[in-house]
1. Tally time: how many residues in region 74-113 are free of Cβ contacts under 8 Å to residues at least 60 places away in the same chain, closer than 23 Å to Lys248 by Cβ and part of a helix (DSSP H, G or I)?
2. Restricting to region 191-210, name every residue that is surrounded by fewer than 17 Cβ atoms within 10 Å (Cβ to Cβ) and under 22 Å from Thr145 (Cβ atoms).
3. Residues that are in contact (Cβ under 8 Å) with a residue 24 or more places away in the chain and polar (S, T, N, Q): which helices (runs of 4 or more DSSP H) entirely in region 133-249 hold 3 or more of them?
4. Looking at (1) in a helix (DSSP H, G or I); (2) in contact with a strand residue (DSSP E or B) (Cβ under 8 Å, 6 or more places away or on another chain); (3) at pLDDT 85 or above, which one does Val24 not meet, given that it meets all the others?
5. Taking the conditions exactly as written (at pLDDT below 95, in contact with a Ser or Thr (Cβ under 8 Å, 6 or more places away or on another chain) and under 24 Å from Ala21 (Cα atoms)), does Arg212 satisfy them or not?
6. With respect to Met123, determine if the residue is crowded, with 23+ Cβ neighbours inside 10 Å and either in contact with a strand residue (DSSP E or B) (Cβ under 9 Å, 6 or more places away or on another chain) or under 25 Å from Ser209 (Cβ atoms) (or both).
7. Filter region 215-249 down to the residues that are of a type in the set (S, T, N, Q) and modelled with pLDDT of 95 or more, then identify the one that is nearest to the chain's Cα centre (by Cα).
Amino acid sequence: MADDSKTTHFGYQDIPEDEKAGRVHGVFSSVASRYDLMNDVMSAGIHRVWKDAMMDWLAPRNGQRLLDVAGGTGDIAFRFLKRAPGASATVLDMTEGMLVEGRKRAEAEAMADRLDWIVGDAMALPFEPNTFDVYTISFGIRNVTRIADALSEAFRVLRPGGRLMVLEFSQLPNAGLQRLYDLYSFNVIPRMGQAIAGDRDSYQYLVESIRRFPDQESFAGMIRDAGFEQVSYRNLSFGVAALHSGWKI
């Protein structure tokens, strides 16, 4: 009898699809309390520049309704609402511990009347079709079990004229720079994870997951396949990260 069970990757491991969500949940539950600090240390604060570049391209407007998926501690939602005080935002994440940390931040209290926090799955969003004007996901799409399903859900919940924007680690177009970046990633980041968050294994997974994620052109193709139009991307820091944009037309 043929074995038709589906597998996916968890870093460099191949595992059954139905195990990945639980493993990813474990990773982010483990690092939640130190997640923001580790982001600053790992990137020397450059992740903040990338997120500001995301907002510059997104150009938030009053009256818009944002869904930030894998929104964790609220970084993107806070930035969006600061630029558009008349907008509203929903932060969705599969890990409640990340949302708990987000609610503790000063920005969360100041924006409480315009901000919702929901535990949910990117592949099965608990919202009606045509609900949001903007869908963002930052450093989260690579952790989804089936990326194509998450992109299809993004398309479903966006209103016509709505916009998808993805910020994710990517691949450097220069082989020499990529080798240097890999040396840093695999040798330094897990050690930082152990020293700062007390968790080497979770950061080893995060580094491996970056290497398994599709390159810029391949991911742009996946966004088009989900139904989005006018798909484009911009490299950040030579391609260490990339912003992908698409429209539901």
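The values are calculated or read from the model by the stated rules, or taken from the named source; none is laboratory data. All of these numbers come straight from a predicted model, not from anything done at the bench. Note that each Cβ is placed from the backbone with ideal geometry, even for glycine, and that neighbours are counted across all protein chains shown.
1. Result for region 74-113: 5.
2. Of everything in region 191-210, just one residue is surrounded by fewer than 17 Cβ atoms within 10 Å (Cβ to Cβ) and under 22 Å from Thr145 (Cβ atoms), namely Asp201.
3. Of the helices (runs of 4 or more DSSP H) lying wholly inside region 133-249, those with at least 3 residues that are in contact (Cβ under 8 Å) with a residue 24 or more places away in the chain and polar (S, T, N, Q) span 200-212.
4. The one condition Val24 does not meet is (3).
5. Values: at pLDDT below 95: yes; in contact with a Ser or Thr (Cβ under 8 Å, 6 or more places away or on another chain): no; under 24 Å from Ala21 (Cα atoms): yes.
No.
6. No; evaluated as a whole, the condition is false for this residue.
7. So, considering only residues that are of a type in the set (S, T, N, Q) and modelled with pLDDT of 95 or more, the one nearest to the chain's Cα centre (by Cα) is Ser245.
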